[in-house]
Amino acid sequence: MKTFLRRFENTRDLVILFGTWGIDDKAFSNLCTDNHDFILFYNYSADEPLILPEMKTYRRVTVIGWSLGVWAAEYYSRKLGIKPDLTIAINGTPVAADDKYGIPLKIFEATLNNISNYSMARFYLSLFGTRSLFEVNRAYIPTRTEKSLHDELRWLYNRMMEPVETGFVWDYALIGKEDSIFKASNLKSYWSMHPETRQIMVDAPHYLFGYWNSLEEMIRYVRRFRLSPFRNK
């Protein structure tokens, strides 16, 4: 697993983002401000020990899971001793390879078995939703080898097949109505079984971060919505 870290003096907030498959730090480095420290986890090809900043030094720790990163956040948070104050799941569920609640298993396996430059170009186009958004965000498209992409997705697939009860609770689930990777209907089906999580629907594709100028702005948007009355804090 790889880690991208940005730290500033005197910042009191920490944002931890568990990215999806196939990305690198370019997808988010432009969305960071100097008002918070930022940790991005990505390329989940192997379990590696990580050294995190002392959580107790922060006023607020926000954990964001995007796509397959929702599963990764649950899988890693306890291992890393992360105790978030706010949790946001974005266009994903903890059961990422699932016909009803995630990416249909046949599609997941077909993606794993057919990774190429051509298939990845199609994947990144689906990530942004439209050709115009793809062109606008071209500078943020990851630079990854086919081998690293295959190794990562194989590792994720194998781990996801191992059922794990984490006790992790998500405060908010942000759902893009135009998501073509995780269907909005599957996302809604999963999160509707978890009334403790407040669902927020947005007119956006799978990569919806470009609709805000920064992660900080996106978090402020989410916090405008009240927590679910079923959420015990």
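Only the coordinates and a few stated rules stand behind these numbers; no lab work does. This one's a predicted model, so the numbers in the text were calculated from it and none came from an experiment. We place every Cβ from the backbone using ideal geometry, glycine too, and count neighbours over all the protein chains shown.
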Treating the beta-carbon of each Lys and Arg as +1 and of each Asp and Glu as -1, no other charges, what is the dipole magnitude of the range 145-233 about its Cα centre, to the nearest 20 debye? 420 debye
Filtered chymotrypsin sites (Phe, Trp or Tyr not before Pro), the range 142-231: DSSP coil and at most 10 other beta carbons within 10 Å: Phe230
Given contacts defined as C-alpha pairs under 8 Å and at least six residues apart, what's the relative contact order of the range 2-223, whole-number percent? 22 percent
Looking at the chain, which longest stretch skips every one of the GluC sites (Glu not before Pro) that is in a DSSP loop with at most 11 other Cβ atoms within 10 Å, leaving the sites themselves out? 55-164
Correct choice for Kirkwood radius over Cα pairs in Å that was computed from the model, options (i) 18.6; (ii) 17.9; (iii) 17.3: (ii)
Quick one: grab Rg to one decimal and Dmax as a whole number for the range 35-150, Cα atoms only, in Å. 16.2, 45
Computed label-point distance, nm, for sites Lys79 and Thr57 using a 7 Å Cα→Cβ extension: 2.4 nm
